[in-house]
Amino acid sequence: MNEDKKKIITQYIQCYNDFDISGMTRHMHEHIVFENKVNGVVDLSTEGLEAFSNQAELAKTYFQKRKQTIQSWHFDDNKVTIEIHYQATLAID
């Protein structure tokens, strides 16, 4: 079961790195709640697939390139938490 979750999340990260929003949302539920946390603090939150997709499309314009690399995995029942290393080159100042 955890291997299936890892595969989906790994595919999501690859699509994120490739700026492929359609690929990112392929496995997402219509009522997704997305939270981006930095140092344990939520700095961005969306509710619903459309809101997530809109935010992802907007975020694409911020970067020339970006890369997330998974550093660790934590599985807890129906929840998966990953720690990532993030590198990016901004497209705008």
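Under the definition of Cα pairs under 8 Å and six or more residues apart, what whole-number percent is the relative contact order of the range 1-82?
Numbers: 72 pairs, mean separation 19.6, N = 82.
Value for the range 1-82: 24 percent.
How large a share of the accessible area of the chain, in percent, is made up of carbon and sulfur atoms when the probe is 1.4 Å and the other protein chains stay in place?
Working: 3340 of 6890 Å².
Roughly 48 percent, rounded to a whole number.
For the range 70-77, just list the computed ³J(HN,Hα) in residue order, Karplus coefficients 6.51, -1.76 and 1.60, θ = phi - 60°, integers in Hz, with x standing in for Gly and Pro.
With the stated coefficients, the range 70-77 comes to 6, 9, 7, 10, 9, 10, 9, 6 Hz.
Between 0 and 90 degrees, rounded to the nearest ten: what's the tilt of helix 2-17 against the longest Cα principal axis of the chain?
Roughly 0 degrees between the two axes.
Tell me, what ³J(HN,Hα) does each residue in the range 37-42 have, in order and in whole Hz, if you take phi through Karplus 6.51 cos²θ - 1.76 cosθ + 1.60 with θ = phi - 60° and put x for Gly and Pro?
Those phi angles translate into 10, 10, 6, x, 10, 6 Hz.
Using DSSP to call loops (not H, G, I, E or B), can you name the trypsin sites (Lys or Arg not before Pro) in the range 1-62 whose Cβ has at most 13 other Cβ atoms within 10 angstrom? Mind dumping the intermediate values first?
Working: sites: K5, K6, K7, R26, K37, K60; in loops: R26.
Loop-located and lightly packed - R26.
Which residue, S53, H31, C15, has the largest displacement toward the positive end of the dipole of the range 1-58 when charges sit on each Cβ (Lys, Arg +1; Asp, Glu -1)?
Looking along the dipole axis, the top candidate is C15.
Kindly list the residues of the range 1-35 that lie in the label zone of N78, defined by a backbone N under 20 Å from the point 7 Å along the Cα-to-C-beta vector.
1-9, 26-35
Quick check for me: using +1 on Lys/Arg Cβ and -1 on Asp/Glu Cβ, what's the dipole size of the chain about its Cα centre, in debye to the nearest 20? Mind showing how you got there, number by number?
Values: 10 positive and 14 negative charges, 72 e Å.
It comes to approximately 340 debye.
Would you mind checking the tilt of helix 49-60 against the longest principal axis of the Cα atoms of the chain, expressed as 0 to 90 degrees and rounded to 10?
Long axis of 49-60 versus the principal axis of the chain: about 40 degrees.
In square angstrom, what is the accessible area per residue of the chain with a 1.4 angstrom probe? Mind dumping the intermediate values first?
Numbers: 6890 Å² over 93 residues.
Spelled out: the 1.4 Å probe surface of the chain, per residue, equals 74 Å².
If you consider only alpha-carbon coordinates, what radius of gyration and Dmax does the chain have, in Å?
Over the chain's Cα set, Rg and Dmax evaluate to 13.3, 43 Å.
The values are calculated or read from the model by the stated rules, or taken from the named source; none is laboratory data. Bear in mind that the values here come from a model prediction, so they are computed numbers and not experimental data. With ideal geometry, Cβ positions are generated from the backbone for all residues, glycine too; neighbour counts draw on all protein chains shown. Ligands, DNA and RNA are stripped out before the accessible areas are found, and what is left, the full protein with its side chains, is counted by its heavy atoms. Shrake-Rupley method; radii C 1.70, N 1.55, O 1.52, S 1.80 Å.
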